[in-house]
Amino acid sequence: MITQQEGRPEGTLEFHFTGKITSEDYKTTLVPAIEHALAEHERVKLLCVMGDEFEGYAFEAVWADTKLGLDHWKGFDRIAVVTEIPWLRGAIKAISFMFPCPVMMFDLNELNDARRWLSESLGSIHLDPLGGPVLHVSLIGKLEPSAYEHAEEDLTRFIAEHGKIRLLVDLSEFDGWESLSALGQHVSLLREHRHAPEKVAVVGNEAWQRLAQRIFGRFTKAEVRFFPTSDLTSAEDWVAQST
């Protein structure tokens, strides 16, 4: 059976799986709860707990699980799975990269850690105007799709105000993307506003962050340069100079 735990934060659903799960369990508990939550929230966070009493899925439940994921593919913001069952952990690890949202696994004694992970902020994007058409964009931590949604509105407003802009993109604290969907959001944002930048200064530490210079170069005709974090002042001076 599937049991929903009450008292979880707004937009967060927690389910405990015990025994052998059937399609009826999906129809009566899991699907209605998720669809109700999605009627009130654009995305929901999901916590699934499979302890020692979990015996697996009946065949029809596998299809119900697949159909649920496909029907609400973009409806999940983050998924935490708490289990110590080897085959289940292996299966989730094998397919987690295909999910449109971050997926994290926890041991049974880490249930509170899983709840905390769902509630805390992961990565973020900060936009700080530096005067005139210059915008300081800081990417921090591991980004998930919602981070781009929050930043896009501010970026669109800044472009509407200035037309051609100059970007100081700070990757010093950037750890990458939590999912393919987040990477897709990044690429879409670049493509949508590719004509706006005239200069882009990319600041970072890691060797892979230098690739950002090439990525910007592919999506925009702006002049793009890379600066190490220790040379942030030079990056600010360069991007502020008139072309």
Seminar exercise, completed: Simple spin-label estimate for Lys93/Glu53, 7 Å along Cα→Cβ, in nm, reads 2.8 nm
Seminar exercise, completed: Hull volume per residue for the range 99-220, using the convex hull of the C-alpha atoms, in Å³ is 109 Å³
Exercise. Can you list the HN-Hα couplings for the range 29-42, worked out from phi with the Karplus curve (6.51, -1.76, 1.60; θ = phi - 60°), rounded to whole Hz and with x for Gly and Pro?
Worked result: 10, 5, 4, x, 5, 5, 5, 5, 5, 6, 6, 9, 9, 5
Exercise. Magnitude of the Cβ-charge dipole of the chain, K/R +1 and D/E -1, about the Cα centre, nearest 20 debye?
Worked result: 1060 debye
For this session: On the full set of protein chains, 1.4 Å probe, figure out the accessible area of Met105 and give it in Å² to the nearest 10.
Result: 50 Å²
Problem set entry | Most to least accessible of Ser188, Ser138, Ser242 (protein chains only, probe 1.4 Å) | Ser242, Ser188, Ser138
For this session: Would you mind estimating how fast the range 104-152 diffuses translationally, via Stokes-Einstein at 37 °C and 0.692 mPa s with the Kirkwood radius over Cα pairs, in µm²/s?
Result: 253 µm²/s
Problem set entry | Per residue value of the accessible surface for the chain (all protein chains in place, 1.4 Å probe), Å² | 54 Å²
Problem set entry | Degrees, to the nearest 10: 180-192 long Cα axis against longest axis of the chain | 30 degrees
Exercise. Using bins 5 angstrom wide from zero, how does P(r) for the range 1-53 break down, in % of all Cα pairs?
Worked result: 4, 20, 31, 24, 14, 6, 1
Exercise. Contour minus end-to-end for Ala207 and Arg8, with contour as 0.36 nm per residue of separation and end-to-end as the Cα-Cα distance?
Worked result: 67.5 nm
Seminar exercise, completed: Sequence order, the range 130-146: Karplus ³J(HN,Hα) from phi using 6.51 cos²θ - 1.76 cosθ + 1.60, θ = phi - 60°, Hz rounded, Gly and Pro as x, gives 10, x, x, x, 8, 10, 8, 10, 10, 9, 10, x, 9, 8, 10, x, 4
Exercise. So between Met1 and His126, what do we pick up on full extension, going 0.36 nm a residue minus the alpha carbon distance?
Worked result: 40.7 nm
Exercise. Packing-wise, with mean Cβ within 10 Å as the measure, how do 232-238, 141-147 rank, highest first?
Worked result: 141-147, 232-238
Exercise. Which residue, chosen from Met1, Leu211, Phe174, occupies the Cα position most advanced towards the positive end of the dipole of the chain, where the dipole is computed from +1 (Lys, Arg) and -1 (Asp, Glu) charges on Cβ about the Cα centre?
Worked result: Leu211
Exercise. About the Cα centre of the range 136-243, what is the dipole size in debye to 20, counting +1 per Lys and Arg Cβ and -1 per Asp and Glu Cβ, all else neutral?
Worked result: 600 debye
Seminar exercise, completed: For the chain, the Cα convex hull volume per residue in Å³ comes to 140 Å³
Problem set entry | Helix-derived mean residue ellipticity, 222 nm - over the chain, DSSP H n ≥ 4, -39500 (n - 2.57), to 500 | -11500 deg cm²/dmol
Exercise. Check Val82: other-chain or 5+ apart residues with amide H under 5 Å from its amide H, H built from backbone geometry?
Worked result: Cys48, Val49, Met50, Phe106
Exercise. Do you know the Lys pair count in the chain for C-alpha distances under 24 Å, with sequence separation 8 or more or different chains?
Worked result: 17
Exercise. If each of Leu190 and Thr29 carries a label point 7 Å out from its Cα toward its Cβ, how far apart are those two points in nm?
Worked result: 4.4 nm
Problem set entry | Stretch gain in nm, segment Lys20-Gln241, where the contour uses 0.36 nm per residue and the Cα spacing is subtracted | 73.0 nm
Problem set entry | Antiparallel content of DSSP bridges confined to the chain, in %, to 5 | 20 percent
Exercise. Which stretch or stretches of the range 71-113 have amide N atoms under 11 Å from the point lying 7 Å from His41's Cα along the Cα→Cβ direction?
Worked result: 76-79
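The values are calculated or read from the model by the stated rules, or taken from the named source; none is laboratory data. Predicted model only: the values in this text are computed from it and were never measured. Glycine gets a Cβ as well: all are built from the backbone with ideal geometry, and neighbour counts include every protein chain shown. SASA here: full protein model, heavy atoms, side chains in, ligands and nucleic acids out. Shrake-Rupley method; radii C 1.70, N 1.55, O 1.52, S 1.80 Å.
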